[in-house]
Amino acid sequence: MQVTLKIFRYNPEVDKKIHYETYNFEAQETDRILDLLEHVKGYFDGTLSFRRSCAHGVCGSDAMRINGRNMLACKVLVRDVGGQITIEPLLGLKIQKDLIVDMEPFFDNYKKVLPWFINDSPLPADERERLQSPQQRARFDDTTKCILCAACTTSCPTFWANDDYLGPAAIVTAHRFIYDSRDEAAAERLHILSETSGVARCHTAYNCTLACPREIEITRAIGELKMSMITGKLD
Amino acid sequence: MPNVHQFDVVVVGAGGAGLMAGLYSSRGAKTAVISKLYPTRSHTGAAQGGISAAFGNLEEDKPEWHTYDSVKGSDYLGDQDAIEFMCEEAPQAVLELEHMGLPFDRTPEGRISQRPFGGHTNNVTGKPVRRACHAADRTGHMILQTLYQQCLKNKVTFFDEYQVLDFLIVNRRTAGIVAVELATGEFHTFHAKAVIFATGGHGRIFEVTSNAYAYTGDGAALLLRRGIPLEDMEFFQFHPTGIYKLGILITEGVRGEGGVLINGKGERFMPKYAPTVKDLASRDVVSRAIYTEIREGRGVNSSNYVWLDARPESIARYAAEDGRTNPDGSPYVLSGEQLLAKVPDIIDFCRVYLGVDPLTQMMPTQPTAHYTMGGIPTNKFGEVVIDESNAVFPGLYAAGECACVSVHGANRLGTNSLLDLIVFGKHAGLKAAEYAQQADFEPLPPDPQADSRAQFEKLRNGSGKENAFDITTEMKKVMFDLVGIYRNEKGMQEAITKLDQLKERFQHVKVTDRGRIFNTELFHTWELGNMLDVSEVVAKCALNRRESRGGHSREDFPNRDDSDWLKHTLAWQKNGGVEIRYKPVVITKYPPKERVY
Ligand SMILES: Cc1cc2nc3c(=O)[nH]c(=O)nc-3n(C[C@H](O)[C@H](O)[C@H](O)COP(=O)(O)OP(=O)(O)OC[C@H]3O[C@@H](n4cnc5c(N)ncnc54)[C@H](O)[C@@H]3O)c2cc1C
Ligand code: FES
């Protein structure tokens, strides 16, 4: 089938302002949007720049706006969006070139929630694993799926308005540790989340949950954290 | 000189191997980890099924069995001292990950859960054993996240989105590396006493592959150009179950959970090829079986794919047929819900990319280029060894998929790569730090960035009459069709001729992007040069080895030939060609014997 790809373009070295370029060509219904971008780069304009690696939705490189919604270009097929496709970079992060945005502020927020396992108690006497029941493990399973693609955070109106809001992805990471029965720093993390840049800023717009390519129930996770802050309980 | 950094140890690559190396090296030496991708984008994150360790959490198991299975899986080409070392270290290595917080799935007792995987057996009964420790079907994702998080916790220094272009040698010792910063296009020299390569594999040289775009063999290719040999490059693993046409991996874990392969006539065919372990035979065996079915006209619709059936009713039926039971002896069944919990991503991939629901439909699959067994030769401490007598190159280390220890020999067992990353990444990190503590810096060469600059200049100044994408497409097809699962002399000669032509055409490619900021066209074109160099070595080593062993199957030499070929290949890039020499395989406890599953 024929596709029309309208792509946001901006190269700070040559362009005074942003613009869109349109490309028409034959594609398959089952092509990934990423395949189309590669095709444009290979045969229309080599300067088109975007990030990609795994090409099957697990590395988080190629989150972008496709027909106005945040998605991974490698996880959306032509048949999912039709032949008229507009592609733009994520909102709320500085555009470096074409579809590449500056991810540093995003990772800086991630680093603020102590995104690492903390347990300074001695190991069990047999020095083997810290025991955890399947139910305890299931408690935080959903939030272990995050691939840090930023689709959620950059779909959030609060994040667009406030640079210092931690954003859903960082909160999801905090959730993954807070409800891990083996971790000992829940209180510290909850405290970080309770500061002004934390969960209170979430107005449950729900955009993040819709944007997540890993189908993490982000709004629900944030709700659980708000509840834990009130009750002081972690179950 | 602009942009010169000094570190005791530089780690190139931030996947499982690089992060583990960085974590350990930084404890004893000033260390930088450099990666062309953000660390969490590394391909380790794509690993699905599990990491092996003979805990015996669910049934009897022991490291000796793991060792023997890996030796047998390697078709006796693996070095047995290194394999034994890895399998003995495995339980401790996996526990270390657990102690770092890795969320493994759990047994009812709260221990790490384990599942069966191809080639892992109870050595007494010969039946599959539960040895693969897993976190759903995103074990690699959890390893990558956990290690990155631990590196942050321990304040490891990262240079993200820097692509390493060259390795600096002075006085026949390590002097550092040169990298380009993707965001600015600027060159940086990293002056170092020790360098650890952990750059992953090169599966992108094949048309149908499970591998990421980043798998272009950079580390192997740039060392090759600096005179370092590569080992056993003819051995590349084709995984039996890639999603038809796309190559996206469907983990062996699906068969571990009870899925079976079905041909176009609706028959389960693996019992014919591997009567004892059937669908859980070693990957080379299963991939060849699929190809044989296809060649004999039993592909689906007489085409080049077969079905993978993991519908709950099929799983129950075949488990009953095989006498498979739960640990408590009850019949083995798996509900749709349980399958969804065990392999959620696989089900998602099939739904998204194929519009197929594995709970009610069979999955169309074909073998997919998956894993680089060969690579930069190392010993079991991660030290790079550069000749037949295993002489160590001072200050140079390698670990992970880019390295060849060799623990995988001619065919890697599933779950042994993640283990390899953790065990040898750690030892490479420890050794490099230890070396850096006693070594001095070599002086830098007068113009360390000269070669890197020249390489880029050449790509910018080609005539432009050739298109890099066309060359890439043709290379991948040549390699997949002629140097793929089945190989023969005629086909490989043809492949080598075509690769020569492609290399010649590559001289006429021109990068059109003249900019500095994220010039991805330039970086990708440079990667194509690496893939062409690596492809040539793979094809020439494959043509040279006149036997069949593990992942290397010659139609014209269908048998393993231990009298002439029980040896490792070492290949150098010399005078525009490839020079091949050999070194012996280390055999300790397990003399080679016929391999049946
Ligand atoms: C789909 C899939 C599923 C798998 N499942 C399993 C499994 O269940 N069990 C198992 O044991 N194995 C599995 N494997 C194999 C295993 O995942 C890989 O072999 C392993 O993760 C490789 O790790 P690594 O650290 O060597 O490389 P990677 O994780 O790929 O890291 C390579 C790093 O090198 C960097 N790099 C590369 N070139 C350069 C350069 N020029 N300059 C700077 N940096 C560079 C990259 O940025 C990256 O950080 C699977 C593989 C795939 C593809
Ligand atoms: S390329 Fe990895 S998520 Fe799309």
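Given axes a ≥ b ≥ c from the Cα gyration tensor, I'd like to know whether the protein assembly as shown is rounded (a/c under 1.5), prolate (a/b larger than b/c) or oblate. Write down the numbers at each step before the final one.
Details: a/c = 1.22, a/b = 1.04, b/c = 1.17.
Judged from the Cα gyration tensor, the protein assembly as shown comes out rounded (a/c under 1.5).
Sequence gap at least 6, Cα distance under 8 Å: using those rules, report the relative contact order of chain B to the nearest whole percent.
22
Dipole size in debye (nearest 20) for chain B around its Cα centre, Lys and Arg Cβ +1, Asp and Glu Cβ -1?
In total the dipole reaches around 400 debye.
Which shape class applies to the range B:125-232: rounded if a/c is under 1.5, otherwise prolate when a/b exceeds b/c and oblate if not, where a ≥ b ≥ c are the square roots of the Cα gyration tensor eigenvalues?
It is prolate, given that a/c is not under 1.5 and a/b is the larger ratio.
Calculate one ³J(HN,Hα) per residue across the range B:184-200 by plugging θ = phi - 60° into the Karplus curve 6.51 cos²θ - 1.76 cosθ + 1.60, and present them in order as whole Hz with x for glycine and proline.
Per-residue couplings from phi come out as 10, x, 7, 7, 10, 9, 10, 7, 9, 7, 9, 10, 10, 8, 9, 8, x Hz.
Could you put A:ASP80, B:ASP328 in order of accessible surface area, largest first, with the 1.4 Å probe and the full protein assembly present?
I get B:ASP328, A:ASP80, largest accessible area first.
Out of the GluC sites (Glu not before Pro) in the range B:201-286, which ones are loop residues according to DSSP with at most 14 other C-beta atoms within 10 Å? Let's see the in-between values first.
Details: sites: B:GLU207, B:GLU231, B:GLU234, B:GLU252, B:GLU257, B:GLU267; in loops: B:GLU207, B:GLU234, B:GLU252, B:GLU257, B:GLU267.
Sites meeting the loop and neighbour criteria: B:GLU267.
Would you calculate a helix-derived [θ] at 222 nm for the protein assembly as shown, using -39,500 (n - 2.57) for each DSSP H run of n ≥ 4 and dividing by the full residue count, to the nearest 500?
Here the helix-only value at 222 nm equals -10000 deg cm²/dmol.
With θ set to phi - 60° and the Karplus curve 6.51 cos²θ - 1.76 cosθ + 1.60, what are the ³J(HN,Hα) couplings of the range B:47-53 in order, to the nearest whole Hz, using x for Gly and Pro?
The phi angles translate into 5, 10, x, x, 10, 8, 6 Hz.
Could you put B:PHE456, B:PHE506 in order of accessible surface area, largest first, with the 1.4 Å probe and the full protein assembly present? Numbers along the way, then the final one.
Numbers: B:PHE456 10, B:PHE506 30 Å².
Greatest to least solvent exposure: B:PHE506, B:PHE456.
Using protein chains only (no ligands, no nucleic acids) and a 1.4 Å probe, work out which residues of the range B:125-146 have their accessible area cut by at least 50 Å² relative to the chain alone.
Checking the loss per residue gives B:ARG138, B:HIS141.
Cβ under 14 Å from B:ALA403's Cβ, B:ALA403 left aside: what net charge do those residues give with Lys, Arg +1 and Asp, Glu -1?
-3
Dipole magnitude of the protein assembly as shown about its Cα centre, charges +1 at Lys/Arg Cβ and -1 at Asp/Glu Cβ only, in debye to the nearest 20?
Dipole of the protein assembly as shown, to the nearest 20 debye: 620 debye.
Counting only protein heavy atoms, probe 1.4 Å: which residues of the range B:91-109 lose 40 Å² or more of accessible surface in the full assembly compared with their chain by itself?
Listed by number, the residues meeting the 40 Å² cut-off are B:LEU95, B:GLU98, B:HIS99, B:GLY101, B:PRO103, B:ARG106.
Would you mind working out the accessible area per residue for chain B, using a 1.4 Å probe, and quoting it in Å²?
About 31 Å² of surface per residue is accessible.
Note down the accessible area of A:CYS212, probe 1.4 Å, to the nearest 10 Å².
20
Of all trypsin sites (Lys or Arg not before Pro) in the range A:152-235, which ones are in loop regions per DSSP and have a Cβ with at most 13 other Cβ atoms within 10 Å? All intermediate terms of the calculation are to be shown ahead of the outcome.
Working: sites: A:ARG176, A:ARG182, A:ARG189, A:ARG201, A:ARG214, A:ARG220, A:LYS226, A:LYS233; in loops: A:ARG182, A:ARG214, A:LYS233.
Answer by residue number: A:LYS233.
Under a Cβ-only charge scheme (Lys and Arg +1, Asp and Glu -1), can you give me the dipole magnitude of the range B:231-352 about the Cα centre, in debye to the nearest 20?
440
Using a ≥ b ≥ c from the Cα gyration tensor of the range B:341-494 (square roots of the eigenvalues), is it rounded, prolate or oblate, where a/c under 1.5 gives rounded and otherwise the larger of a/b and b/c decides, a/b for prolate?
Oblate, because a/c is 1.5 or more while a/b does not exceed b/c.
Karplus couplings for the range B:394-404 from phi (6.51 cos²θ - 1.76 cosθ + 1.60, θ = phi - 60°), rounded to Hz, Gly and Pro as x?
In residue order, the calculated couplings are x, x, 10, 9, 8, 7, x, 5, 6, 9, 10 Hz.
Give the residue from A:CYS208, B:ILE587, B:LEU499 lying farthest towards the positive end of the charge dipole for the protein assembly as shown; charges sit on Cβ (+1 for Lys and Arg, -1 for Asp and Glu) and the dipole is referred to the Cα centre.
In the protein assembly as shown, that residue is A:CYS208.
Send over a whole-number figure in Å² for the accessible area per residue of chain A, probe 1.4 Å.
Value for chain A: 41 Å² per residue.
Roughly how much accessible area, to the nearest 100 Å², goes out of reach of solvent when A and B pair up, both sides summed, probe 1.4 Å?
It comes to approximately 5500 Å² buried between A and B.
I'd like the carbon and sulfur percentage of the solvent accessible area for chain B, probe radius 1.4 Å, heavy atoms only, ligands and nucleic acids excluded.
49
Could you order A:HIS191, B:HIS239 by accessible surface area, starting with the largest, using a probe radius of 1.4 Å?
The ordering from most to least exposed comes out as A:HIS191, B:HIS239.
In chain A, what percent of the accessible surface is made up of carbon and sulfur (1.4 Å probe, ligands and nucleic acids excluded)?
52
Alpha carbon centre of the range A:212-235 versus the range A:1-43: separation in Å?
Centre-to-centre (Cα) distance: 38 Å.
In whole Å, what is the distance between the alpha-carbon centres of the range A:105-120 and the range B:540-559?
Cα centroid of the range A:105-120 versus Cα centroid of the range B:540-559: 49 Å apart.
Normalised by the residues of the range B:81-224, what does the relative contact order come to in percent, with Cα pairs under 8 Å and at least six apart?
Details: 166 pairs, mean separation 17.6, N = 144.
Rounded, it is 12 percent for the range B:81-224.
Quick check: Cα centre of the range A:135-211 to Cα centre of the range B:140-170, how many Å?
Comparing the Cα centres of the range A:135-211 and the range B:140-170, I get a distance of 24 Å.
The values are calculated or read from the model by the stated rules, or taken from the named source; none is laboratory data. Predicted model, so just to flag it, every value in this text is computed and none were measured. Positions of Cβ are backbone-derived with ideal geometry, glycine not excepted, and every protein chain shown enters the neighbour counts. Heads up: the accessible areas ignore ligands, DNA and RNA and are worked out on the full protein's heavy atoms, side chains in. Shrake-Rupley method; radii C 1.70, N 1.55, O 1.52, S 1.80 Å.
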